[in-house]
Amino acid sequence: MERSHRMPHVAVDDKLREECGVLGIFARGLDVVRLGYFGLFALQHRGQESAGLAVSAGEGIALHKGLGLVSEAFNESHIAALAATNPHIALGHVRYSTAGPSDLDNSQPLYDSGDYDQGDGSPSRTIPLALAHNGNLVGMERLKAELAAQGAVFGTTSDSELILVLLRQYLTADLKEALIMALNKVRGAYSLVLCTNNELIGVRDPQGFRPLCLGRIGDGYILASESAAIEALGGELWRDVEPGEMVVIDDTGVHFSRFAEAKPSSCIFEYVYFARNDSIIDGQNVYEARVALGRRLAEEQPVIADLVISVPDSGTPAAIGYAACSQLPYVEGLVKNRYVGRTFIQPGQALRELKVRLKFTPNPSVVRGKRIIIIDDSIVRGTTMKLLVSTLRQAGASEIHVRVSCPPYIAPCHFGIDTPSTVELVATRYDTEGIRRMIGADSLGYLSKEGMLKVLAGGQRQFCLGCFTGEYPLPLPHEERAEARRAEEDWGDVRG
């Protein structure tokens, strides 16, 4: 995904942002355009700033991309134009990244018309390609500069385009071999879906940072970032694409191969926050995992109180688990307005507070005079929780105890999550007591790293924990490594 300078933006809620979701459908006899369109709605939580579909009927690729939500990026005429080609392959993408005039260029799927020189004096051949990428490549500046010096032309600031450029360089070989050669040149997080005239290809990086799964629909197949998208379309989850695995789908069926040794280090934050509750990732139900995190949190961080509420919607499963383990009632103490979104206009503090109050409104009849426990999945900057504590006090809560179903977030992500700068992360500036005072709560407790791993890994699975530890499963370029080291040192300082 894009790593260019970002225009300032303000999230109404204090949450991290997944940078994209991908979808691919290979199904003759089905309306893959509308299936792709509706499938993107099921992945909308993974990206809200642009959306696109590429389709193929076997003789070239048609493409439409637009800014905004899926409903804003497409209208019926766009859908009809894509469907008129009677395609059997659809490739979709939703994106969260920057704002600005170049956004549409950087939106995906990326497309290459595919006129390739055979390199032996024979006529060029045409292999059109479209690519959708979830993740982020690291340390690619030198490689990109080398390719540019060799004459490569980059039309975007997206690191995803680097894979297309490498494919163009290697496509004198078989497409699958060329893709393997290209992937051997890059490092980082990539769950990719590509299509050609008659093939749909899915690839997951050796660490498996970002999810990618495979499902069946009729006589066809679906690749998607999350199983929820497959099931929303009436399909059935088959299995996850494994780390280091390539899946090729064509008229002869589905073909699996391994292009790299698996070194599993999937993003643990998919379970904490990003993925939909109804998804299954690497065999684990997300909702059940979040409820279990809440139960573990109650065991580690108990407190005497009257009731449990959540920061909806992402904190709700953990709150349900916490309440059940604590034998306390879970109630809807905060009502969420789902029609208040983010803004790319830098507001003053008063407007920012108003937006939070509009999005999360306390229910006074529930919280008045009560000792409440409020559960959230994470605290990033701390600004939203501070406002929520204040509004709950104004609504009459007698005590407010904040519990968080993951450890303190202390370091940036380099593998596909839009993370605030280290200085914005509240846990790099304060210890737990300092954060408690800052947000104004009566108490504050986090789930331990050990407790989180016991719930999610069971001692068997490996995760990337970089955002909680400052240590990453891949070596980072100098600048990114230095930032991570500073975060780890800062966290050591605040812990004393």
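FYI, it's all coordinate maths here, none of it is from the lab. What you see is a predicted model, and the numbers here were worked out from it, not measured in a lab. Here Cβ is always computed from backbone atoms with ideal geometry, including for glycine, and neighbour counts include all displayed protein chains.
Here each label is just a point 7 Å from Cα along the line to Cβ, and for Y339 and D250 those points are 5.1 nm apart. Enumerate the lysines that K336 could reach by cross-link, defined here as Cα to Cα under 30 Å, with residues fewer than 8 away along the same chain left out. Hits, sequence-local ones excluded: K15, K355, K359, K370, K386, K449. For the peptides 149-160, 35-46, 437-448, the ranking by packing is 35-46, 437-448, 149-160, with the highest mean count of neighbouring Cβ atoms within 10 Å listed first.
For the chain, the dipole from Cβ point charges (+1 on Lys and Arg, -1 on Asp and Glu) about the Cα centre works out to 1580 debye, to the nearest 20. Divide the volume of the convex hull around the Cα atoms of segment 174-260 by the residue count and you get 85 Å³ per residue.
Spatial offset of segment 123-201 relative to segment 250-270 amounts to 18 Å, using the alpha carbon center of each. Based on the reciprocal of the average 1/r between different C-alpha atoms, the Kirkwood radius for the chain equals 23.5 Å. Which residues among segment 220-259 fall inside the zone where the amide N is under 19 Å from a point 7 Å beyond the Cα of Q460, along Cα→Cβ? From segment 220-259, the list is 238-243.
Within the shell of other residues whose beta carbon sits under 15 angstrom from the beta carbon of I79, the net charge comes to -1, with Lys and Arg scored +1 and Asp and Glu -1. Think of it as helices only: each DSSP H run of n ≥ 4 in the chain is worth -39500 (n - 2.57), and spread over all residues that comes to -8500 deg cm²/dmol at 222 nm.
Straight-distance candidates among the lysines for linking to K144, with alpha-carbon spacing under 29 Å and chain neighbours fewer than 8 residues away dropped: K65, K176, K185, K263.
Multiplying the residue separation of N75 and Q169 by 0.36 nm and removing their Cα-Cα distance gives an extension gain of 30.2 nm. The Cα atoms of segment 33-72 define a convex hull whose projected area, averaged across directions, is 2.8 nm². When peptides 215-228, 258-271 are ranked by their average number of other Cβ atoms within 10 Å per residue, the highest-first order is 215-228, 258-271. Each 10 Å bin from zero up to the one holding the largest Cα-Cα distance in segment 285-495 carries the following percent of pairs: 8, 32, 36, 20, 3, 0. Among 285-291, 187-193, sorting by the average number of other beta carbon atoms lying within 10 angstrom of each residue, highest first, gives 187-193, 285-291. A cut-off under 9 angstrom between Cβ atoms defines the neighbours of A260, and their net charge, with Lys, Arg +1 and Asp, Glu -1, is -1.
Under the convention that each Lys and Arg Cβ holds +1 and each Asp and Glu Cβ holds -1, the size of the dipole of segment 17-264 around its Cα centre is about 340 debye. On a per residue basis, the convex hull of the C-alpha atoms belonging to segment 17-264 measures out at 123 Å³. Remark: spin-label model distance L358-T85 equals 4.0 nm, labels positioned 7 Å along the Cα→Cβ axis.
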